[in-house]
Ligand code: AP5
């Protein structure tokens, strides 16, 4: 395993692909904070903050929070000291506008993304996972109707980013099916290959 730390990473994939589950492991290995926009929104909803009140209905319906608001939150978070040398973004960017906003956040720091992990999983498998989570955790957006809508939004707004990251040569595609450990091992292998090839290039 390559001893690379402090990389700037993203993890993307359809709702239920396992992004959050894998993010903490990757972040620990690279010694960077895992920053999930979904977690930030849910913490604000739970805390009853003005932001939480603003986004609660949007999230419950499975819609995307407006780009301007989401970009502002991520820009603030990336200014915090723990993200100076690297980070793992989970659930952001999700639209082309958000990609451009992130590029603009990193440009003044002469920074760029090192790798984007794409967790691939078919719709039926991820819907089944999220329905199971609904039984256990009761997340407001885990009803079958909203789960299906989130999948449609992913296909429409977020999936087009895959081509964009592929063109930049930073995409690491990983099969998201199998046990958590199997997926984690594939991610580690894929990142090692991608990051070592960049160092050597
Ligand atoms: P967000 O929190 O990002 O949700 P999501 O993308 O829908 O993803 P999930 O958290 O449902 O799934 P995941 O891929 O992280 O999988 P997980 O590890 O949890 O966003 C929620 C909402 O916030 C959005 O709909 C939107 O409204 C808003 N939002 C967030 N970011 C935004 C942005 N950038 N712009 C605009 N709006 C934004 O796993 C899922 C389940 O599967 C768990 O129960 C887990 O235990 C299980 N599981 C995981 N891996 C495996 C495995 N290998 N085998 C079996 N089960 C597994």
**Fill in**
If you go through 24, 68, the only one that is loosely packed, with under 14 Cβ neighbours inside 10 Å and under 12 Å from the mean Cα position of the chain (by Cα) is 24
**Request:** Of all residues in the range 178-192, count the ones that are under 23 Å from residue 125 (Cα atoms), touching a residue at least 60 places away in the same chain (Cβ under 8 Å) and surrounded by 13 or more Cβ atoms within 10 Å (Cβ to Cβ).
**Result:** 5
**Prompt:** So which of 62, 86, 18 is within 15 Å of the chain's Cα centre (by Cα), closer than 23 Å to residue 141 by Cβ and in contact (Cβ under 8 Å) with a residue 60 or more places away in the chain?
**Reply:** 18
**Prompt:** Within the set of pairs 6 or more residues apart or between chains, which connect a residue that is within 7 Å of residue 62 (Cβ to Cβ) and in contact (Cβ under 8 Å) with a residue 24 or more places away in the chain inside the range 136-154 to a residue that is within 10 Å of the ligand (Cβ to nearest atom) and not in a loop (DSSP other than H, G, I, E, B) with Cβ atoms less than 8 Å apart?
**Reply:** 141/59; 141/60; 141/147; 141/150; 146/60
**Request:** Starting from the range 29-52, take each residue that is at positive phi and list its partners that are at pLDDT 95 or above, counting only C-beta distances under 9 angstrom and pairs at least six apart or across chains.
**Result:** 31/86
**Prompt:** Any chance the range 1-13 includes a residue that's touching a helix residue (DSSP H, G or I) at 6+ places or on another chain (Cβ under 7 Å), farther than 30 Å from residue 177 by Cβ and at pLDDT 95 or above?
**Reply:** no
**Request:** Quickly run through the range 133-152 and pick out the residues that are within 30 Å of residue 30 (Cα to Cα) and surrounded by 12 or more Cβ atoms within 10 Å (Cβ to Cβ).
**Result:** 133, 139, 150, 151
**Request:** Would you point out the residue of the range 85-114, among those that are surrounded by 13 or more Cβ atoms within 10 Å (Cβ to Cβ) and at pLDDT below 95, that is nearest to residue 158 (Cα to Cα)?
**Result:** 111
**Asked** Out of curiosity, is residue 12 without any contact (Cβ under 8 Å) to a residue 12 or more places away in the chain, surrounded by 13 or more Cβ atoms within 10 Å (Cβ to Cβ) and within 15 Å of the ligand (Cβ to nearest atom)?
**Response** no
**Request:** Return yes or no: is residue 195 away from the ligand (no atom under 14 Å from the Cβ), buried (at least 18 other Cβ atoms within 10 Å of the Cβ) and at pLDDT below 95?
**Result:** yes
**Item:** Every residue from the range 156-177 that is exposed (fewer than 14 other Cβ atoms within 10 Å of the Cβ) and either free of Cβ contacts under 8 Å to residues at least 40 places away in the same chain or in a loop (DSSP other than H, G, I, E, B) (or both)
**Value:** 156, 163, 166, 167, 168, 169
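The values are calculated or read from the model by the stated rules, or taken from the named source; none is laboratory data. Since we're looking at a predicted model, the values are computed, not measured. Note that each Cβ is placed from the backbone with ideal geometry, even for glycine, and that neighbours are counted across all protein chains shown.
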